[in-house]
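The values are calculated or read from the model by the stated rules, or taken from the named source; none is laboratory data. All figures in this text were calculated on a predicted structure; none of them were measured in a lab. Note: ideal-geometry Cβ built from the backbone for every residue, glycine included; neighbour counts use all protein chains shown.
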Amino acid sequence: MQKQLHVALVFNIRPESSPVDKKEVEENGFRSRGEGGAAVITALRKKFLKTKSDTYAEWDSEETILAVESALKQQHNVTLIEANEEAHGKLLALQPDIVFNIAEGFNSPSREAQIPAILDLLSIPYTGSDPVTLGICLDKSRTKEILSYHLIPTPDFAVVDDPNQQDFEKLPLPAIVKPLHEGSSKGIFDASVVKTKKDLRQQVQKIITEYEEPVLVEKFLPGREFTVAILGNGRNLRVLPIVEIRFDTLPQGVNPIYSYEAKWVWDQTDHPLDVLECPARIDNTLSEEIKDVCVRTFQVLRCRDWCRIDVRLDEQGHPQVIEVNPLPGIIPNPNEHSCFPRAARTAGLDYNSMINAVLDAAMVRNGLL
């Protein structure tokens, strides 16, 4: 029988009005996914960039937090701790056996590393990657530099922190423009794919102004996109069934990317997009190539316990890494299309089993199991 532990679940809870007000979307006229969507997309994009409604997109809903708590309570005693300024004192006083960390943090590119750094200071074991890996992976350029050094394919890129000092003639086109230190498609909109130098300059300036951080300008790859969930460590590392992002289900005329609109606006529970396909319909050769690239990425970046890696095919049909997320989203509702739980379900793991598999991996790594 497995040892019962005192587990602290550390989290950030998303305000109810974020990341998008569903009623507001409906009042702006978006109901169908056919003709007429482009005008609404433009209106929503302007409003989102103005209000930055994606500020808390990375944080978890109450539903997700309670679902994780329920899963952990199947085998352990659980205490919830919000990842705010009081977290250090609460963790110091509580001294849990281990922490299940889903905290995305706030303020600065170090935000995902904040709780793990506190836990390292207090010598409290925790799930997931350490502060160094979390900090590197949140900085898209640092991630890509390390991958490039290890000959793991990733699209050509440049970092722009001052548009007035940038030679835009040297940047790749077509390109996708992303905030340098964000996840959950924050700052990645339909307009993020640019094909002209004029549009590139405008989008770079817009993102720098709105997000107050440097911009990653990355070569836009034309092929299919996949996401890969990885669970475990070392010899017990497990690649879950590959998920494909089905761009043919997006509104007509939009760019084929898994944008903020695609994740949080167009895909609603009362009219969902069938945007995820798992297992992906690919041959064994491509499947093994994708898995190899993702496992090497996991190992090179020294990820731990779990991670989700996004890849996209280049002109020759080969996978290149575009994102690494060592704190993957884990929305429990199957209709809300969260990639890691979708891959787990396809692998035969229900939500509770998936959560406890992550905890078990961390327990084994820390000598607690």
What number of residues within segment 186-202 satisfy the criterion of being surrounded by fewer than 22 Cβ atoms within 10 Å (Cβ to Cβ) and under 11 Å from Phe168 (Cβ atoms)?
-> 6
Those residues of segment 137-153 which are buried (at least 24 other Cβ atoms within 10 Å of the Cβ) and either farther than 30 Å from His6 by Cβ or among the polar types (S, T, N, Q) (or both), in sequence order | Lys140
State the number of residues belonging to segment 64-90 that are under 26 Å from Asn333 (Cβ atoms) and charged (D, E, K, R).
-> 3
The condition of being over 17 Å from Gly232 (Cα atoms) and either aromatic (Phe, Trp, Tyr) or part of a helix (DSSP H, G or I) (or both) holds, among Asn335, Asn352, only for Asn335
Given the residues Leu200, Leu216, Leu221, Leu173, which is the only one that is at pLDDT 90 or above, within 17 Å of the chain's Cα centre (by Cα) and among the aliphatic types (A, V, I, L, M)?
-> Leu216
Under 6 Å by Cβ, and 6 or more places apart or on different chains, what pairs join a residue from segment 321-335 that is within 20 Å of Leu138 (Cβ to Cβ) with one that is in a strand (DSSP E or B)?
-> Val321/Val311; Ile322/Asp310; Ile322/Arg312; Glu323/Asp310; Val324/Ile309; Asn325/Arg308; Pro326/Cys307; Pro328/Arg308
Please identify the pairs in which a residue from segment 113-132 that is without any contact (Cβ under 8 Å) to a residue 60 or more places away in the chain has its Cβ atom under 7 Å from the Cβ atom of a residue that is among the small types (Gly, Ala, Ser), counting only partners at least 6 apart or on another chain.
-> Ala113/Gly135; Gln114/Gly105; Ile118/Ala87; Pro131/Ala113; Pro131/Ala117
Looking only at segment 257-311, which residues are assigned to a helix (DSSP H, G or I), of a type outside the set (A, V, I, L, M, F, W, C) and modelled with pLDDT of 95 or more?
-> Asn284, Thr285, Ser287, Glu288, Glu289, Lys291, Asp292, Arg296, Thr297, Gln299
Please specify each residue of segment 87-114 satisfying the condition of being modelled with pLDDT of 95 or more, part of a loop (DSSP other than H, G, I, E, B) and either surrounded by fewer than 14 Cβ atoms within 10 Å (Cβ to Cβ) or on the phi > 0 side of the Ramachandran plot (or both).
-> Gln95
Does segment 67-77 include one or more residues that are assigned to a helix (DSSP H, G or I), surrounded by 16 or more Cβ atoms within 10 Å (Cβ to Cβ), out of contact with any Phe, Trp or Tyr (no Cβ under 6 Å at 6 or more places or on another chain) and among the hydroxyl-bearing types (Ser, Thr, Tyr)?
-> no
Given (1) of a type outside the set (Lys, Arg); (2) part of a helix (DSSP H, G or I); (3) within 20 Å of the chain's Cα centre (by Cα); (4) farther than 18 Å from Leu276 by Cα, number of the condition Asp360 does not satisfy | (3)
